[in-house]
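Have a look at the structure below, then the notes.
The numbers here are math on the coordinates, done by the rules we state, and not lab data. Quick caveat: nothing in here was measured; it's all calculated off a predicted structure. Because the Cβ atoms are built from the backbone with ideal geometry, glycine has one as well, and the counts that use them run over all protein chains shown.
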Amino acid sequence: MLVLNRIKQQLGYPESARDIIKPKTLLTAVEQYSMGHSRSLDEYLKIVGLNVSLKEVTYTAWCETGQPPPGFEKHNHLYNS
């Protein structure tokens with residue numbers, strides 16, 4: 001459960017906010033092992049169809065059908081038709 005709380009904190013789940021999570025050592029070097037800088041967390045969550053506030057998964061058909069996610073159509077050539 002500890003690792004899950006760390007990941008949920010990184011993804012922005014309200015119940016895993018930095019000031020709530022315990023033990024505090026769970027967040028040691030969390031910035032060093034985070035999402036990176038290619039896109040914002042909000043962009044990533046939109047691409048994968050996650051709403052952490054409402055705890056909902058939205059559009060995932062792109063994943064289920066083996067297609068690139070919305071906004072990545074330029075990579076269609078990398079997927080088998």
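Dipole orientation for the chain: of the candidates H77, Q32, N51, Q32 has the Cα lying most toward the positive pole (charges on Cβ; Lys, Arg +1; Asp, Glu -1). Kirkwood radius, the chain, all distinct C-alpha pairs, inverse of mean reciprocal distance: 14.5 Å. Taking the longest Cα principal axis of the chain as reference, the axis of helix 2-11 is set at about 60 degrees.
Between T58 and T25, the FRET efficiency from the beta-carbon distance, with R0 = 22 Å, is close to 0.05.
Packing around the peptides 60-66, 8-14, taken as the average count of other Cβ atoms within 10 Å per residue, puts them in this order, highest first: 8-14, 60-66.
Working from label points 7 Å from Cα in the Cα-to-Cβ sense, the N80 to V48 distance is 2.5 nm. Taking a straight Cα-Cα cut-off under 13 Å and skipping sequence neighbours fewer than 8 places away in the same chain, the aspartates and glutamates within cross-link reach of K46 are E56.
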